[in-house]
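Have a look at the structure below before the remarks.
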Amino acid sequence: DATEGTSDIELDRIHIQEAGGTGILARTYPFQPTCNEAWTRGNFTQYDTHVHHNWVDGAGYEGLYIGTSHYDRDEGVGACEFPDPQAALEGVRIHHNVVERVGNDGIQLGAAIRDVEVYSNTVRDYAMNNEGSHAGGLQLNPGTVGTYWNNYLQAHADADTAQGVMFTGGEGPVTLHDNVFVGGAKALMTLNHMPNTTELVFRDNTWVGDGGGDTFYFFCNVLPEPMTYTIQGNLFSGWATVGTTVTGGWNYFNGGDGTHCPINGDVISGYAASMEDLFPSGNHFESDPSGLGFVDPVGEDYSLSASSPAAGYGATLVGVPALGE
């Protein structure tokens, strides 16, 4: 637990086994019981957080909990005698970690506002508690930006509320590419707690759900300005539906309004005539993954054979760590 003003830190080659709470935490909260005004935003920034080549094997809650959770609240969330907005992180590298058998999110990152890269991590059996708001393979909390690639993230088999990515709003562009997400109900869920003009790019990823989910949920119609989505080159499979039925129409925008969530330059109606009308262009959708020609799903190899009907879509992973590496 790296806290109380920790900055400029490298955590590597640590094996954490059966943590009752979270595997690795690296964040400073300014509120009670400490109430240290020196750790509030404007007074403190957590610089250069480097977490790599660790093995978290069993944790009751998150595997990695890096950064704070409520950067969107200028007044903070505590009850100190001063406003206690949470501090930012600048310079984050999270890579080549193995996270297994965790109750909540696999990798949670918050308030990371500048110079952020998360890559080449393996997460297995996340969301064992099956709590929908704490069930992301990648949980990107308010303020967070950056690039996320070459990660393998697999939800626990019973986690039917899990999401591959939960994004709650940043202060700059977010790009997720060439990741493999396995299991759960949704590939991508966005809540957008922060009003901003963030661009979210989700490209060349593979998601193979648990067969019972609805693939997307975009909470965007409360924002004062549009948030641009680019969703291209992905392979979505293992779903029951794409979107959900609301008042007789297909809908995967909160409130049925897609005007604040343009996807690939198009506004998709919140109440489409058919489920297929909700498929963003330039992606491959296949409800049944069995005929897609994955090379070795049992061995966690979701690359496609040359003869696959989805060839050219989805992720290419290179050198993600195996157990204990």
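Here is how the numbers come out for the structure above:
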quantity: Test result for His134, open to solvent by 10 Å² or more (accessible area, probe 1.4 Å), under 17 Å from Ser69 (Cβ atoms) and within 12 Å of the chain's Cα centre (by Cα); calculated: yes
quantity: Residue match in the range 227-235 (condition: surrounded by fewer than 16 Cβ atoms within 10 Å (Cβ to Cβ) and either out of contact with any Pro (no Cβ under 7 Å at 6 or more places or on another chain) or not in a loop (DSSP other than H, G, I, E, B) (or both)); calculated: no
quantity: Strands (runs of 3 or more DSSP E) contained entirely in the range 43-134, each with at least 3 residues that are of a type outside the set (Val, Ile, Thr), touching a residue at least 24 places away in the same chain (Cβ under 8 Å) and within 17 Å of Gly170 (Cα to Cα); calculated: 88-95, 112-119
quantity: All positions within the range 14-39 that are more than 24 Å from the chain's Cα centre (by Cα) and open to solvent by 60 Å² or more (accessible area, probe 1.4 Å); calculated: Gln32, Pro33, Thr34, Glu37
quantity: Test: residue in the range 93-111 that is among the charged types (D, E, K, R), crowded, with 22+ Cβ neighbours inside 10 Å and more than 30 Å from Ala157 (Cα to Cα); calculated: no
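The values are calculated or read from the model by the stated rules, or taken from the named source; none is laboratory data. Please read these numbers as outputs of a predicted model, since none were measured by experiment. Cβ atoms come from the backbone with ideal geometry, glycine included; neighbour counts cover every protein chain shown. Areas reflect the complete protein model, heavy atoms only, side chains present, ligands, DNA and RNA absent. Shrake-Rupley method; radii C 1.70, N 1.55, O 1.52, S 1.80 Å.
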